[in-house]
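Reading through the structure tokens given below for one structure.
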Amino acid sequence: MKINWLLLGGHQTQKRDVIADQGHHQNEVINECYCPNGHSILTDTARFQGHPGLTLKLKNRTSEGLLVISPVLGDRDRIFIDFEKAAGEVVDICCPSCSEPFPVYNVCPCGAHLVALFTSLKAHFSQCIGICQRLGCLHSELLSERDLRLYSRQDYF
Ligand SMILES: [Zn+2]
Ligand SMILES: [Zn+2]
């Protein structure tokens, strides 16, 4: 399983600007992440390089389990717990505490949806990580407000 941490928005120069704006770099760790109801999804279910992982509940028609993703940007580690995964399947991604599904905010290049994991309690799409609902794609992105504005101009919303 791979995870691609991409910064949205335009060409390479813009990406570097965004990184500079936010002070992000390759080994930055996500230290806050919430469901729409404000539950932190960073838990000790699994740790990556010593950091609590991003814990998600996955649901498909036949089973329910957990996916824990490394919070370290650029680290592609992730583990599935008690989940029978079929590559290419589209699953629901929910909060492990309240089972609320994370909201869809965009369409992934693979055709499934990207859901937003909020990196601030404001639960605003300007501060979120996007994860694809399709197993095996697991495309993910880190959004900034500026990128979101770029998207708005392209009529994604
Ligand atoms: Zn929750
Ligand atoms: Zn996808």
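Sub-9 Å Cβ pairs linking a first residue in segment 31-47 that is closer than 10 Å to F118 by Cβ to a second residue that is within 16 Å of ligand 2 (Cβ to nearest atom) and aliphatic (A, V, I, L, M), at least 6 apart or interchain, are C33/L117; C33/I129; Y34/L117; C35/L117; P36/A116; I41/L56; I41/L117, ordered by first then second residue. Candidates in segment 55-114 are the residues that are touching a strand residue (DSSP E or B) at 6+ places or on another chain (Cβ under 7 Å) and among the hydroxyl-bearing types (S, T, Y); of these, the one that is nearest to S40 (Cα to Cα) is T55. Looking only at segment 124-135, decide whether some residue is buried (at least 16 other Cβ atoms within 10 Å of the Cβ), at pLDDT below 90, aromatic (F, W, Y) and more than 13 Å from I30 (Cβ to Cβ). For segment 124-135, residues buried (at least 16 other Cβ atoms within 10 Å of the Cβ), at pLDDT below 90, aromatic (F, W, Y) and more than 13 Å from I30 (Cβ to Cβ): present. Residues that are over 19 Å from R134 (Cα atoms) number at least 3 in the following strands (runs of 3 or more DSSP E) confined to segment 33-73: 42-48, 51-59. Note on segment 99-128: among residues that are within 16 Å of G88 (Cβ to Cβ) and of a type in the set (G, A, S), the one that is nearest to ligand 2 (Cβ to nearest atom) is A112. All conditions in (1) in contact with a Cys (Cβ under 7 Å, 6 or more places away or on another chain); (2) under 17 Å from C128 (Cα atoms); (3) modelled with pLDDT under 95 hold for C95, with the sole exception of (3).
Contact map, segment 84-101: residues that are without any contact (Cβ under 8 Å) to a residue 60 or more places away in the chain and under 16 Å from H39 (Cβ atoms) paired with residues that are of a type in the set (D, E, K, R) and near ligand 1 (Cβ under 10 Å from one of its atoms), Cβ distance under 7 Å, separation 6+ or inter-chain. Pairs shown: C94/K57; C94/E100; P96/K57; S99/K57.
Looking only at segment 97-116, decide whether some residue is assigned to a loop (DSSP other than H, G, I, E, B) and of a type in the set (A, V, I, L, M).
Here is the first cut: in segment 97-116, the residues assigned to a loop (DSSP other than H, G, I, E, B) are 97-100, 102-103, 108-112.
Then drop every residue that is not of a type in the set (A, V, I, L, M), which leaves 112.
Looking through segment 97-116, at least one residue is assigned to a loop (DSSP other than H, G, I, E, B) and of a type in the set (A, V, I, L, M).
Every listed requirement among (1) within 16 Å of ligand 1 (Cβ to nearest atom); (2) out of contact with any Leu (no Cβ under 9 Å at 6 or more places or on another chain); (3) of a type in the set (A, V, I, L, M) is met by L58 save one, (2).
The values are calculated or read from the model by the stated rules, or taken from the named source; none is laboratory data. A quick note: this is a predicted structure, and the numbers were derived from the prediction, not measured. Cβ coordinates were reconstructed from backbone atoms using ideal geometry, including for glycine residues, and neighbour counts include every protein chain displayed.
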